[in-house]
Every structure is written in C-alpha cells, then in structure tokens.
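For reference, the structure discussed in these notes is given below.
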Amino acid sequence: MTNCIPEDDNLLPRLSLTLMVLSLAQFVIALDYSIIYVALPSIASSLQLADAHAQWIVSAYGVIFAGFLLVGGRLCDAIGAKSMFIFAFTLFSLASLLGGMTTSAAALIVARGIQGLGAAFMQPAIIALISHHFSPGRERAKALTVWSAVGAAGLVAGVVLGGLFTQISWRLVFLVNVPIGLICIWSARRYFHAIVRPAQRQRLPLWSSLLGTLSVLSIVLAMTSLADHGLHHINTHRWFGMTAISLSLFLLGEKYGKQPLVGRGVRRLVSLQRGSLSSALYMASVGTELFLLTLLMQDHYGYSALQTGLLFIPLTLMIIVGNAVAGKLFTRMAALRVLRWGFLLGATGLLLIVFSLEEQIDWLWFIPGLLLSGVGHGMIYTAKFVVGMHEVPDEQQGIASGLMITAQYASGAIAVALMVIVLNLHPGMAGFQYGFAALIGFALLGALLTEDIGKSV
C-alpha cells in the first residue's frame with residue numbers, strides 16, 4: 001500500500017493537525033461511551049424514567065453503534081473517508097444538540113441512537129484517514145499510538161466530566177459535543193487531503209448491508225436479553241432465532257453473492273483475520289475488565305460510583321502508558337510480538353487481581369494487577385490495529401476497520417452476557433473469581449494465536 005499525499009512545505013504541520021483532529025474525534029467517541037453512566041441517575045430523575053427505560057439511554061447508543069459499523073465502513077470506502085468523517089460528525093453533533101435540548105424521554109433515546117449511528121459511521125473513517133495520511137510502518141504506528149492514547153484519555157475524562165457536568169446540568173453531557181464537532185468539521189474541511197476520496201465510487205450492496213446490520217444487532221440484543229432475562233425468556237429465544245436466520249443469510253450472500261459487503265480479497269488477508277480475532281479476544285479479556293471491576297467494587301465491596309471512577313484513573317493512565325510502550329516497541333520488534341506481549345501482560349495483571357480477591361481486598365496484589373493489566377490493555381489496543389490494517393488496500397480501509405471494530409463490540413456484548421451468567425450462577429466472591437479466570441483464559445488465547453511471529457508485520 002502506498003501513501004499518495006503530495007509533497008508540501010507545510011506537510012508536517014498539516015499532518016500534526018490532521019492527527020490532532022482525528023484523535024479529538026476518537027476522544028469524543030470514548031467520552032460519550034463513559035460519560036453517560038455517571039449522568040444516567042440525574043437524567044432518569046429529571047425525566048422521571050423507570051429503570052428499564054433509563055437503560056435504553058445507554059443501550060440505544062451501543063446497539064446502533066455495533067450494528068452499523070460494517071455499513072459505515074463500506075460507505076466510507078464508497079464516498080471517501082473525508083466526506084464520511086464530515087457527514088458522520090455532523091450527524092453526531094446534531095444528535096447531541098437534540099439530546100441536550102429535549103424534554104422528552106423518547107426523543108432522548110432516539111438522539112442516543114442517532115449518536116450511535118454517527119459514531120458507527122465516524123469510527124471507520126477515523127482509522128481509514130490515519131491509514132491514508134500516514135505511511136505504513138513507523139510513521140503510522142506512531143500515529144496510531146497517539147490516537148489510541150487520546151481515546152483512552154476520553155474514557156476517564158467521561159467519568160470525571162460526567163460527575164462535574166451533572167452538578168450543573170446533565171444536558172451539558174450532550175451539549176459539550178457540539179462545539180467540539182464544529183471545530184473538527186471545520187478542521188477536516190480545511191486540513192484533510194482530498195486523496196482520501198476513491199478514484200471510482202462503489203455501490204453499497206443493499207441486501208448484504210441490511211443482513212449484516214441485522215445480524216450484529218440481533219446478536220447484541222440476544223446476549224443482552226440473555227444477561228437480563230435468562231435463557232428461557234421468550235425475548236431471548238426470539239433474538240437468537242433472528243440471529244441464526246439473518247447470520248445464515250448474510251454468510252451465504254457473502255460467499256455466493258455477486259456483491260458481498262466485505263470483499264473476498266479483504267476477507268482472505270491473514271493480517272486482517274489476525275487483527276479481527278485479536279480485537280474480539282481483546283474485548284473478551286482486558287476490555288471486559290472495567291465491567292467486572294465496576295460490579296466488584298460497587299456491589300461486593302460497597303464503594304460509591306465516584307470512588308470506583310477514581311479507581312479507574314490509574315488504570316486509564318497505565319493504558320496510555322501501554323500505548324506509548326507499544327509505540328516504542330514497534331521500532332524494535334514485529335507488531336505481532338508486541339501484540340503477544342500485551343496479551344501476556346494483561347493475563348498476568350488479571351491473575352494478580354484474582355489473588356487480591358478476599359473478603360477485604362488485598363491491595364498489595366490488586367494495585368500491581370490493575371497497573372499491569374492497564375499496560376497490557378494499551379499495548380493490545382494499538383498493536384491490533386497495526387497488525388490488522390497492515391496489508392489492507394487504501395480503497396478498502398473503511399470496511400476493514402469496520403470489520404475489526406464490529407468483532408470487538410460484538411465480542412464485548414457476548415463477554416458481558418457471559419459474565420452476568422457466571423455471577424448469577426456463583427453469587428458472592430466465587431463468581432468474580434470465575435469471571436476473572438475466564439478473562440485470563442481469553443487473554444492467554446490471544447497470546448497463543450499470535451505465536452506465529454512473522455517479519456512482515
């Protein structure tokens with residue numbers, strides 16, 4: 001793959017500004033994911049929402065985001081990453097404005113769904129733009145390191161800013177996105193290179209897109225229903241049935257159809273297969289750690305939401321350190337080896353956390369485990385994109401990145417549902433010990449699958 005950005009006296013400043021804008025966009029996506037958890041009680045109280053309806057303020061974003069990533073990736077390749085980024089951030093900003101101004105619970109849930117749609121369209125465009133603007137190898141690895149570090153900072157900023165904003169008004173949780181969106185949209189129009197537009201426009205395969213979206217939506221909703229209602233509930237049966245039908249039709253269309261959603265050449269790339277599988281195992285291991293830790297600290301040990309949020313600050317800082325460590329290691333070893341070490345460090349950190357799980361938490365085990373798992377988390381997150389996107393042609397960066405992120409979030413939904421099942425089957429500390437043991441197993445599987453170290457990545 002080649003980078004076609006023309007020579008320019010202002011090339012370095014322009015690239016720096018481009019990376020700044022793309023990192024800020026990732027910051028907003030991460031911020032929006034975590035900020036809503038802190039603000040949710042205030043929103044529910046203000047709009048007089050029942051718990052079941054309040055949960056949809058969170059779920060509407062995540063379900064739509066996961067469901068439309070593949071379509072977003074294909075659209076990105078069809079209309080160009082620059083155009084897609086501008087359109088997606090405009091949609092996201094308008095939805096944020098609606099969410100911040102509405103007095104209706106239904107309108108707020110719709111706004112969250114549209115935010116999720118904007119984020120699903122924006123995420124593949126961000127990664128495609130990084131790949132287009134930065135040459136493969138050291139330059140792109142450095143850009144991905146900065147981008148992922150800023151995204152990790154967005155997660156902890158969401159916890160902190162969510163608490164701060166709700167002291168004034170929960171509406172600021174949504175409205176803060178609007179000025180950031182305006183800045184990023186203006187900067188994208190001014191600084192992003194037109195080279196990101198494809199030479200030939202591609203048609204969006206309508207039926208494959210609908211079936212792919214329905215497959216991801218249904219499996220996420222099936223796992224959510226499984227966690228909330230159990231295996232024997234009628235809604236769980238319906239969503240699993242829908243998953244089986246839509247996924248079967250989608251896979252048949254991808255294999256035999258004339259216009260698959262994910263091109264056959266892209267699907268055959270070993271590096272993308274590794275990257276997608278690593279994304280799934282990342283989310284099933286260290287990516288689900290935050291969920292288990294939140295339940296452990298609040299439900300078992302009785303910590304407040306604020307205390308738990310503060311506990312996540314050192315974890316997030318170590319994720320940023322892990323991003324930086326990965327960036328340094330890319331100059332000394334293959335990205336697959338960096339990915340493998342990330343999984344091993346993550347597994348070691350999670351094991352130390354298991355050792356700390358007693359009736360009174362043993363901080364001598366817990367703190368090192370938290371920090372080590374954070375470093376591993378950061379290394380995996382950066383390395384999996386370097387590995388996965390290495391061989392992808394420019395014109396298919398959008399769908400490839402969409403595939404990786406879809407694998408990540410679908411795996412996350414499955415992992416969370418499995419953790420809820422484990423905790424229900426084994427109440428008390430035993431459930432958390434089994435849960436963390438499962439995360440360790442997924443991390444070790446990730447390390448095992450990167451055993452075949454090549455020199456090309």
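The values are calculated or read from the model by the stated rules, or taken from the named source; none is laboratory data. As the structure is a prediction and not an experimental result, all values here were calculated from the model. So basically every Cβ, Gly included, is an ideal-geometry build from the backbone, and we count neighbours across all protein chains shown.
So residue 106 fits all but one of (1) buried (at least 22 other Cβ atoms within 10 Å of the Cβ); (2) of a type in the set (A, V, I, L, M); (3) free of Cβ contacts under 8 Å to residues at least 40 places away in the same chain; what number is the exception?
(1)
Per-residue answers, yes or no, for (1) over 17 Å from residue 286 (Cβ atoms); (2) in contact (Cβ under 8 Å) with a residue 40 or more places away in the chain:
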| site | (1), (2) |
| --- | --- |
| 351 | no, yes |
| 360 | yes, no |
| 370 | no, yes |
| 392 | yes, yes |
| 409 | no, yes |
| 414 | no, yes |
| 419 | no, yes |
| 426 | yes, no |
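Looking only at region 220-239, which residues are of a type outside the set (A, V, I, L, M) and part of a loop (DSSP other than H, G, I, E, B)?
230, 232, 233
Could you go through region 228-235 and let me know if any residue there is touching a Gly at 6+ places or on another chain (Cβ under 9 Å) and surrounded by 14 or more Cβ atoms within 10 Å (Cβ to Cβ).
So far as region 228-235 goes, no, none of its residues is touching a Gly at 6+ places or on another chain (Cβ under 9 Å) and surrounded by 14 or more Cβ atoms within 10 Å (Cβ to Cβ).
Return the residue satisfying two criteria in turn: it lies in region 308-355 and is crowded, with 17+ Cβ neighbours inside 10 Å and hydroxyl-bearing (Ser, Thr, Tyr), and of such residues it is farthest from the chain's Cα centre (by Cα).
348
If a residue must be at pLDDT below 80 and more than 17 Å from residue 217 (Cβ to Cβ), how many such residues does region 31-83 contain?
12
Of everything in region 352-392, what is over 30 Å from residue 132 (Cα atoms) and small (Gly, Ala, Ser)? Give them in sequence order.
Within region 352-392, 356, 369, 373 qualify.
Under 6 Å between Cβ atoms, which residue pairs at least 6 apart in sequence (or on different chains) link something in region 73-88 that is at positive phi with a partner that is part of a helix (DSSP H, G or I)?
As it stands, the answer is 80/196, since those pairs meet every condition given.
Please indicate, with yes or no, whether at least one residue in region 124-141 is outside the structural domain of residue 388 (by TED's automatic domain parsing), more than 30 Å from residue 321 (Cβ to Cβ) and buried (at least 24 other Cβ atoms within 10 Å of the Cβ).
No, there is no match, as no residue in region 124-141 is outside the structural domain of residue 388 (by TED's automatic domain parsing), more than 30 Å from residue 321 (Cβ to Cβ) and buried (at least 24 other Cβ atoms within 10 Å of the Cβ).
So which residues in region 260-269 are of a type outside the set (Gly, Ala, Ser) and loosely packed, with under 14 Cβ neighbours inside 10 Å, if there are any at all?
Listed by number, the residues that qualify are 264, 268.
Quick one: is residue 408 under 13 Å from residue 279 (Cα atoms) and touching a helix residue (DSSP H, G or I) at 6+ places or on another chain (Cβ under 8 Å)?
When the stated conditions are applied, residue 408 passes them.
Quick test of your reading of the structure: residue 274 fulfils all but one of (1) within 30 Å of residue 347 (Cα to Cα); (2) surrounded by fewer than 19 Cβ atoms within 10 Å (Cβ to Cβ). Name the failing condition by number.
Failing condition for residue 274: (2).
Of (1) at pLDDT below 85; (2) surrounded by fewer than 22 Cβ atoms within 10 Å (Cβ to Cβ), residue 409 satisfies all except one. Which?
(2)
For region 240-294, which positions are outside any helix (DSSP H, G or I) and at pLDDT 90 or above?
Correct list: 285 only.
Might you let me know whether region 319-332 holds any residue that is assigned to a helix (DSSP H, G or I), assigned by TED's automatic domain parsing to the domain that holds residue 422, over 18 Å from residue 363 (Cβ atoms) and without any contact (Cβ under 8 Å) to a residue 12 or more places away in the chain?
Among the residues of region 319-332, at least one is assigned to a helix (DSSP H, G or I), assigned by TED's automatic domain parsing to the domain that holds residue 422, over 18 Å from residue 363 (Cβ atoms) and without any contact (Cβ under 8 Å) to a residue 12 or more places away in the chain, which makes the answer yes.
Only one of (1) farther than 22 Å from residue 406 by Cα; (2) touching a helix residue (DSSP H, G or I) at 6+ places or on another chain (Cβ under 8 Å) fails for residue 138. Which number is that?
Just one mismatch for residue 138, condition (2).
Could you list all residues from region 195-214 that are at pLDDT below 60 and of a type in the set (Gly, Ala, Ser)?
Passing the criteria: only 199.
Here is a check on your reading of the model: is residue 302 surrounded by fewer than 22 Cβ atoms within 10 Å (Cβ to Cβ), farther than 18 Å from residue 431 by Cα and out of contact with any Gly (no Cβ under 6 Å at 6 or more places or on another chain)?
no
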